[in-house]
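Okay, structure first, notes after.
The values are calculated or read from the model by the stated rules, or taken from the named source; none is laboratory data. Quick caveat, the model's predicted, so the values are computed rather than measured. In this analysis, Cβ positions are derived from the backbone assuming ideal geometry, glycine residues included, and neighbour counts consider all displayed protein chains.
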Amino acid sequence: MKTIRRLIYGEVLASIAFVAVGFLALFFFFDLVDELQYLGKNAAGVVSSDENTYQIRHALLYVALLIPSHLYELVPISVLIGTIFVMARLAQSSEYTILRTSGLEPWRALRLLLTLGAIFVVICFAIGDYVAPAADRAAQLLKARYQGRITIGQTGAWLKEKQAYNSYVVNVGALSADNEMQAVRVFEFDNKGLLVSITRSAIARFATDDSWQLENGTRTEFTVQPGQASSSGAGRDTAKISINKIAQFRWPTGISAEMVSVAVLKPERMSTIDLFAYIRHLNANGQTAQRYEIEFWKKVFYPLSCLVMVVLALPFAYLHFRSGGIAGYVFGGVMIGISFFLLNNVFGYIGNLQNWQPWLAAAAPGLLYTAISLGAFGWLVLRR
C-alpha cells in the first residue's frame, strides 16, 4: 500500500504543481501588462524621471506580491485539474487497472485522495488566512507610495462605534503608504442622538493603546445652556459653538487598523479572525454585516472545496479512453474548475442581494459540487 500511495501522491503532487505554476505565470503576465500603463508616473499621474516615479522594478514587486492571492484562488482548481490528469492518464495506460487488481478498491482509493485533499485544505487555509492578506496589503501600500493614496470613491470609508456614554461616526478619506489615515472626521453624538462635537484632522495615526492620534486639526463643540427662568416663564436655552485648533488629540476607540483597512480595501483579502472581529464590531453598532458575513463563511468553506475536487476527479480513473482522448477530459476538468470559481462568486452576490443566510450563500457551490461528485462516484465507480 505504501508503494501505491507513493506512486499516486508523487504523480498528483507534480501535476498539481505544474498546473498551479502555469496558471500563476498567466496571471503574472496579465497583471504585469496591466501595470505597464503606470510606468514613469508619480503619485500625481504626471510623467517624470525622478526616483519617486513608478518604475519596472516596482511593478514587478507589486505583481509578485499578488501571487499569494491568486494562488489561494487557484488551489482548488489546480487540485481538480491535476488529479483528473493523473487519474485519466493512469486509466489510459492501464496502470490503474493493475492497481485495482493489486487490491486498490474504490473506497481505499477514495481515502487516499481524501487524505491528499486534506493536505491541500490546510495549505489553502494557511495561504488565504496568513500569507495572502499580508502580501496584498503590502502590494497596496507599495502602489500607494508611487501612485497616490488608497481610497474608495469621493467620500472615503465610514465606520461607527458605540461607547459607554456616546456614539461616534467616523469618516476616513484615505490611507497613505505609511499606514496613516488622511482627511479624518469624527462625529460625536450623545445618548439622545444630539451632535456633541466634530473633530477634523488632516492626519491620524493608530496608537498602541487602542486609540487614534489626530494631528493638525480642529475640534468643534456644540453645547446647550439652559436659560434662566423669568417672571414671564421659563427662559430659552442657548446654543454655544466653540471651535478650537488642535495640534494633537488622542481619541480612545476600538476601531483598529484592520477594521479601517477592510473598509477601504477588499474584505476578501482579510484573514478569518479579522473578518470575525469586524463583523462583531458592525453588529454591536447596529450596522449591516451581510456582505462581510458571506465573505467570512466563504473563507471557512473555500479550502474545504479541495476535498470535493479530489472526489470529483476519482471517477476519471474508471473511464475507458481511446488513444488521444485524455485531452478532452482534462479540458472538461478545466471547465468544471472555472465553473466552480464563477459560481462561488455569483452565489456570494446573489446571497447579498436576496438576503440569504450567509453560510448558505457561501456553502451552496460546495454543496452542489459535492452532490455532483458523489453522484459521479456512485454511478461510475460503485455501480460498475
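Confirm whether LEU65 is assigned by TED's automatic domain parsing to the domain that holds PHE301 and either at pLDDT 85 or above or under 25 Å from SER15 (Cβ atoms) (or both). I'd like the intermediate steps shown before the answer.
Numbers: assigned by TED's automatic domain parsing to the domain that holds PHE301: yes; either at pLDDT 85 or above or under 25 Å from SER15 (Cβ atoms) (or both): yes.
The answer is yes for LEU65.
Return the only residue of ILE294, ILE273, ILE336 being outside any loop (DSSP other than H, G, I, E, B), buried (at least 17 other Cβ atoms within 10 Å of the Cβ) and within 18 Å of the chain's Cα centre (by Cα). After ruling out the rest, the residue left standing is ILE294. Just so you know, in segment 178-212 the residues that are modelled with pLDDT of 90 or more and of a type in the set (S, T, N, Q) include one that is farthest from ASN166 (Cα to Cα), and it is SER201.
Condition check: assigned to a helix (DSSP H, G or I), at pLDDT 85 or above and surrounded by 20 or more Cβ atoms within 10 Å (Cβ to Cβ). Does LEU80 satisfy that?
Working: assigned to a helix (DSSP H, G or I): yes; at pLDDT 85 or above: yes; surrounded by 20 or more Cβ atoms within 10 Å (Cβ to Cβ): yes.
It is true that LEU80 is assigned to a helix (DSSP H, G or I), at pLDDT 85 or above and surrounded by 20 or more Cβ atoms within 10 Å (Cβ to Cβ).
When you check GLY235 against the structure, is it at pLDDT below 80, assigned to a loop (DSSP other than H, G, I, E, B), in contact with a strand residue (DSSP E or B) (Cβ under 8 Å, 6 or more places away or on another chain) and over 22 Å from ALA183 (Cα atoms), yes or no? So that I can check it myself, show each step before the final result.
Numbers: at pLDDT below 80: yes; assigned to a loop (DSSP other than H, G, I, E, B): yes; in contact with a strand residue (DSSP E or B) (Cβ under 8 Å, 6 or more places away or on another chain): no; over 22 Å from ALA183 (Cα atoms): yes.
So GLY235 does not fit the description; no.
Does LEU24 count as touching a helix residue (DSSP H, G or I) at 6+ places or on another chain (Cβ under 8 Å), at pLDDT 95 or above and in the same structural domain as LEU80 (by TED's automatic domain parsing)? Yes, satisfied.
Checked against the criterion of being at pLDDT 85 or above and in a helix (DSSP H, G or I), the candidates LEU282, LEU374, LEU307, LEU380 yield just one match: LEU307.
Is it the case, given these coordinates, that ARG100 is under 21 Å from ARG145 (Cα atoms) and of a type in the set (D, E, K, R)? Talk me through it step by step, then tell me what you get.
Values: under 21 Å from ARG145 (Cα atoms): no; of a type in the set (D, E, K, R): yes.
When the stated conditions are applied, ARG100 does not pass them.
To keep it simple, each residue is scored yes or no on (1) β-branched (Val, Ile, Thr); (2) surrounded by fewer than 19 Cβ atoms within 10 Å (Cβ to Cβ); (3) modelled with pLDDT under 85.
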| residue | (1), (2), (3) |
| --- | --- |
| SER102 | no, yes, yes |
| ARG108 | no, yes, no |
| ILE119 | yes, yes, no |
| GLY148 | no, yes, yes |
| GLY156 | no, no, yes |
